[in-house]
Amino acid sequence: MKSVIEYPPGPTYLFPYTLVRKFLRDPLKILIDISHTYGDIAHFKFGKQNVYLLNHPDYIEDVLVTNYRHFIKSRGLQVSKRLLGNGLVTSEGEYHDQQRHLIQPTFYPKRIKSYADMMINQALRMCNSWHNGAILDIHKEMTHLTLAIISKTLLGYDIKPEDDEVGDALLTCMKYFNRLLMPFGELIEKIPLLPINKGFQKAKRDLDSIVYRMINEHRKKLDKEHKKEDDDLLLTLLQAQDEEAGIARMTDQQLRDEVMTIFLAGHETTANALTWTYYLLSEHPATETKLQEELQSVFGNNRTNVTVEDVPRLEYTEKILTESMRLYPPAWALGRQVIDDYIVGGYTIPAGSIILMSQYVMHRDPRYFPEPDRFYPDRWTEEFKKQLPRFSYFPFGGGIRGCIGEPFAWLEAILLTAAICSQWRMKLVPSHKVVMKPLITLRPKFGMHMKVTKI
Ligand code: HEM
């Protein structure tokens with residue numbers, strides 16, 4: 001006799017695809033509604049797929065940290081292998097852990113600190129190209145800037161602000177990737193002549209040729225004598241594989257996958273975090289004034305002189321960014337697929353089910369964040385942080401699959417905010433529509449048009 005599965009409460013619909021349609025229209029609202037109505041664990045069908053939404057920090061910790069071996073990444077990430085190959089974001093199991101171990105040293109704080117000057121210089125270069133009173137799409141500016149930074153630090157490769165080739169190719173890939181993530185997204189691939197497929201193939205070829213060129217140049221550099229302190233991430237990666245006893249040399253394909261992964265994962269998220277931050281500052285003048293006071297007290301009148309040593313004193317800047325990523329988490333949901341039956345909250349989740357954990361939902365939970373919709377950086381006192389359950393705030397995920405670039409992203413976001421806001425005030429154009437677009441990352445649907453004024 002077949003055993004009957006007991007599902008946690010959740011929305012049910014007469015027509016199985018009703019929820020899919022609603023989800024496509026506004027996934028953030030749907031997830032918030034489900035969490036408010038059904039509590040810490042909810043079940044629903046997404047087409048034929050069983051999905052469980054976890055809305056409790058302890059359940060999330062169990063999945064991401066304590067019992068992570070019971071899960072693989074969900075379909076979205078499997079689909080993205082077409083672009084990322086088998087890099088850190090998409091690989092699984094022992095291979096993933098081995099690659100993570102190999103790559104981790106390139107993200108140690110000392111190494112990351114050495115990139116600070118490059119980050120600041122790129123920000124100043126951008127600031128110098130702006131004109132007083134200009135109206136700019138700040139999302140585009142931030143994407144260019146973070147792309148230039150990851151390219152320079154990772155590959156020693158200069159992307160000029162006017163050179164859109166890499167940026168355009170990445171954007172084409174990301175759009176394609178987003179389309180594949182939709183239910184039935186794979187059907188798109190079955191029609192190779194569709195412009196979106198041709199566009200993706202060309203963009204992928206362009207990016208591949210750049211990445212392989214860089215790898216070859218770095219291999220040549222390694223053969224010659226070079227100073228270790230000048231290493232960028234790719235050089236370190238090439239050496240790490242040689243120094244690591246017992247680990248076979250990475251093939252060019254493996255290196256390409258890792259480089260492409262960090263290239264993509266390492267700039268778009270940060271660009272979104274910065275864009276939402278500048279939008280929030282524009283909407284909250286009192287917070288902006290307080291930020292200016294901190295910048296004045298740290299830099300005085302020499303506001304172009306931002307250095308890595310200033311970071312510990314930029315406490316309010318850090319609080320602003322923390323609060324901004326609470327309200328607008330660049331990674332707004334994580335998905336995992338259950339490998340073998342898994343028990344949570346008294347329910348058995350059958351193998352093959354999808355578990356969803358949403359930063360957007362948890363970060364707005366009034367149990368942990370009073371007045372959850374209010375932008376209030378001052379809430380982030382030491383006492384407040386100490387009493388928060390670990391996974392009530394997790395913009396960078398956690399556990400063995402947590403963001404390897406987190407320290408890089410914090411340093412970059414603080415330095416860039418200090419460097420940019422020291423020189424420019426950004427004000428939202430009143431007629432501009434600000435709408436959240438939750439694709440792979442949480443982006444502003446129509447960009448972020450702002451007027452920039454010299455301070
Ligand atoms: C504000 C900026 C960023 C945010 C919010 C963010 C968020 C995240 C999250 C939530 C994950 C975990 C995904 C999961 O568990 O399924 C992740 C993984 C990852 N991130 Fe980030 N990230 C940011 C910046 C960066 C940067 C700057 C880099 C590289 C320089 C980077 C590289 C990666 C990589 C390689 C992974 C996969 C790690 C693994 O599976 O071992 N990220 N990121």
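The values are calculated or read from the model by the stated rules, or taken from the named source; none is laboratory data. Values in this document were obtained by computation on a predicted structure and should not be read as measured data. A quick note on method: Cβ atoms are made from the backbone with ideal geometry, for glycine too, and the neighbour counts reach across all protein chains shown.
Are there any pairs with C-beta distances below 7 angstrom linking a residue in region 305-332 that is buried (at least 21 other Cβ atoms within 10 Å of the Cβ) to a residue that is modelled with pLDDT under 95 and among the aromatic types (Phe, Trp, Tyr), with the two at least 6 apart or on different chains, and if so which?
Short answer, once both residue conditions are applied: Val306/Phe299.
I need the full set of residues from region 412-428 which are charged (D, E, K, R) and within 15 Å of the ligand (Cβ to nearest atom), in order please.
Glu412 - this is the single residue of region 412-428 that is charged (D, E, K, R) and within 15 Å of the ligand (Cβ to nearest atom).
Considering region 351-369 alone, what residues qualify as being exposed (fewer than 13 other Cβ atoms within 10 Å of the Cβ) and touching a Phe, Trp or Tyr at 6+ places or on another chain (Cβ under 9 Å)?
Across region 351-369, the qualifying residue is only Ala351.
In region 21-42, how many are in contact with a helix residue (DSSP H, G or I) (Cβ under 7 Å, 6 or more places away or on another chain), touching a residue at least 60 places away in the same chain (Cβ under 8 Å) and closer than 15 Å to Pro438 by Cα?
Result for region 21-42: 3.
Could you tell me whether region 159-168 includes any residue that is closer than 25 Å to Val434 by Cα, away from the ligand (no atom under 14 Å from the Cβ), in a loop (DSSP other than H, G, I, E, B) and of a type in the set (Asp, Glu)?
Within region 159-168, one or more residues are closer than 25 Å to Val434 by Cα, away from the ligand (no atom under 14 Å from the Cβ), in a loop (DSSP other than H, G, I, E, B) and of a type in the set (Asp, Glu).
Only one of Phe408, Phe384 is of a type in the set (Phe, Trp, Tyr), closer than 27 Å to Gln292 by Cβ and surrounded by fewer than 19 Cβ atoms within 10 Å (Cβ to Cβ). Can you tell me which?
Phe384
Look at region 412-455 and say how many of its residues are part of a helix (DSSP H, G or I) and not polar (S, T, N, Q).
So the count comes out to 9.
For residues that are in a helix (DSSP H, G or I) and among the charged types (D, E, K, R), scanning just region 123-157, find the one that is farthest from Met260 (Cα to Cα).
Only one residue fits best here, namely Arg125.
Identify the residue in region 307-334 that is part of a loop (DSSP other than H, G, I, E, B) and touching a Phe, Trp or Tyr at 6+ places or on another chain (Cβ under 7 Å) and, among all such residues, is nearest to the ligand (Cβ to nearest atom).
Result: Pro329.
List every residue pair whose Cβ atoms lie under 6 Å apart, where the two residues are 6 or more positions apart in sequence or sit on different chains, the first residue falls within region 256-279 and is more than 12 Å from Leu321 (Cβ to Cβ), and the second residue, located anywhere, is more than 9 Å from the ligand (Cβ to nearest atom) and of a type in the set (Gly, Ala, Ser).
Once the first residue is more than 12 Å from Leu321 (Cβ to Cβ) and sits in region 256-279, its partners that are more than 9 Å from the ligand (Cβ to nearest atom) and of a type in the set (Gly, Ala, Ser) give Asp257/Gly85.
Does at least one position in region 269-279 carry a residue that is of a type outside the set (Lys, Arg), within 30 Å of Met174 (Cα to Cα), at pLDDT below 95 and in a helix (DSSP H, G or I)?
Within region 269-279, one or more residues are of a type outside the set (Lys, Arg), within 30 Å of Met174 (Cα to Cα), at pLDDT below 95 and in a helix (DSSP H, G or I).
Name the residues in region 280-289 that are touching a residue at least 60 places away in the same chain (Cβ under 8 Å) and away from the ligand (no atom under 16 Å from the Cβ), would you?
Hits for region 280-289 are Leu281, Ser282, Glu283, His284, Thr287, Glu288.
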